[in-house]
1. What is the extension gain from residue 60 to residue 22, computed as 0.36 nm multiplied by their sequence separation minus the C-alpha to C-alpha distance, in nm to one decimal?
2. Using Cα pairs under 8 angstrom and six or more residues apart, how large is the relative contact order of segment 4-79, in percent?
3. How high is the FRET efficiency between residue 82 and residue 47 when r is their beta carbon distance and R₀ equals 25 Å, given to the nearest 0.05?
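We did not get these values from a lab; they are worked out from the coordinates using the rules stated. None of these values were measured; they are calculated from a predicted model. Quick reminder, even Gly has a Cβ in these numbers, built from the backbone with ideal geometry, and neighbours come from all protein chains shown.
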Amino acid sequence: MDNRRKQQRRCPSAYYGVYDRTSEKLLGGLADLTTEGLMIVGETPIDVTQTIQAKLAMTKTILGSKEIFFTMTCVWCRQSEETKLYNAGFKIVNIAETEIAKIEQLLQRRSFAETVALHSD
């Protein structure tokens with residue numbers, strides 16, 4: 001199976017929290033993002049294949065909202081040797097067109113830069 005990404009991942013220079021919408025629990029900070037997936041860094045491991053109703057909290061309004069809502073499934077999760085935090089990769093499995101438009105606008109901001117993949121799925 002071909003696991004190569006179709007889109008270049010972009011990394012934020014500012015902090016964006018990713019939350020479980022059901023429990024409002026912080027899952028971690030956004031490490032990279034595309035309209036198809038994301039990576040977060042958090043204090044607790046996430047079960048691989050777990051599907052989560054998520055929200056990405058933003059500091060500024062995009063298309064009338066400071067939040068982006070989507071459903072994501074965990075593809076991988078590993079603990080960092082250096083920080084002991086957990087890096088987790090997610091595939092966005094359900095998202096409305098309006099939420100995709102928010103991600104696209106967010107990725108165009110100066111606070112996001114293109115990056116080369118440092119982690120493989």
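1. 11.4 nm
2. Contact order relative to length: 27 percent.
3. Computed FRET efficiency for residue 82 and residue 47: 0.60.
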